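Data block below; observations after.
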Amino acid sequence: MKVIASLGLLILMTSVIFGNQAFAEPLDNIKISVSNYDGDSATVKITWNHDDKATNYKIGCVSCNPNTVHFTTGNSITFNNVTPFPNGSFAMLYVITYDSQSEIISAKQLIVNLNQ
Amino acid sequence: MNPKIVSIQRKELLQEDGMLFVRTDGILETMVKAPLILAGLIVVALTIPMQTSFSSTRTLDLIIQSDGSTHISSHIDVDSSNFELNLFGSSIDNFIAIGESGSLLSGDIIDDKAIVDTLGSSSITVDYDIHDLISKEGRVWTFSFDSPSNYSLLMPKNSVIIGMSVLPNNMEQIDEQIKLELFSGPTQIDYIFGIILESPTTNQPEYTLDFLTAGLIIGPIIAISIGAAILFKKKQSKSSSQVYVAESSEKQSESKSLDADTIFNLRPTMREDDKEIIKFISENGGQVFESDLRKKFLQPRTTMWRAVKRLERLDIVEIYKKDLQNMVKLRNDLEEEN
């Protein structure tokens, strides 16, 4: 019984270690870093997990006036002059992944506190 | 005798030395009354519609549903028994008006207006679903609304706002939903849904064995191999130890177990069928499986078990587990019965 339990545990651990990233969906793992916030605007760097299905990414700032949009094929982008909503320090951004047919695979809203 | 014809009026005017006199009493009265009458008419004209539409919105809350409809909830102060409410569109469902006492009020919807019998309530709450505020193009949904007052807007779950024509006064995140406090005036918000349940139909991706895929395949194989090796090793060591134990116990039994006659002498009151069992055990090296006894003596399981337990109580045999079976072994330290 102990051997079977050990074997199961070993398989589970191996699957987690080797397979975790492979099972991640697009935009499952997004990292955000904020710099240069002066009370009005900041620089925001967004990094996300790579996905083979995604060929293009659209990143936008909704709280910016006017709204801004960027496109990239990489796994990160740096936004300058990101402004928060009035009466606060929260900025609203989004990331959309597109496949090779320009169909949306997934999208994620990012609420970023610029005053970190 | 040729009298000169002179008009009387002319005569009078001449008499007054050419001055023109006008009666001002009537004119003054007319000048005062006419604006008053006109003003009165204007007031009356304005008052008639105001009697049915005077109101002020206390709260206005909108909830966008995922199906593209919008639920509107509004608390309104009213000042007439028949209140005419301007709705924000003509596609209205589930209209409910509730008075301040909690009573349901009757209302008629005509196009984009609702006439509510307030039953004397000074404030009412109206709830309804409207389908005119959301449009959709491709995957992008657009909320368009021209509000007469400040309002709150709760976005649907998993929605991702990708464009706003105006910035909200406030924003908060409630679970998976975003709530916006917006000012009066026209607003346009574009949004999409973040989780696309149906996977887009694309060409079959070219299969490439990258590091992760290799890890996914090779990892479990390695794990299984290691596990199997451990299992095999354990089995091997266990079986060798079992063999050793069996061999040593056999040797012990061969060397130390008593023969059947000695046992019969020491236990003279033993049953005959029990003696047969002892004989069989003694002939098989001093220990046998209980199952072998059952096969030998063709006894049911319970009968044989009782016999074996009876022998155990007499301190003739001991019972222990071997390979998940009951092994019955003759004791070598049998003492004479008192």
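Each value in this text was obtained by applying a stated rule to the coordinates, not by laboratory testing. What you are looking at is a predicted structure, and each value in this text was computed from that prediction instead of being measured. Don't worry about glycine lacking a Cβ; one is built from the backbone with ideal geometry, like all the others, and counts go over all protein chains shown.
Before moving on, here are some points about what is shown:
- Cα gyration tensor shape for the stretch A:25-113, rounded if a/c is under 1.5, else prolate or oblate: prolate
- Normalised by residue number, the volume inside the convex hull of the Cα atoms of the stretch B:79-154 is 111 Å³ per residue.
- Residue order, fewest to most beta carbons within 10 Å, for B:R331, B:R58: B:R58, B:R331
- The listed peptides B:87-93, B:286-292, B:187-193, ordered by packing as a protection proxy, come out as B:187-193, B:286-292, B:87-93 (highest mean of other Cβ atoms within 10 Å first).
- Peptide-level mean, for A:85-94, of C-beta atoms on other protein chains within 10 Å: 5
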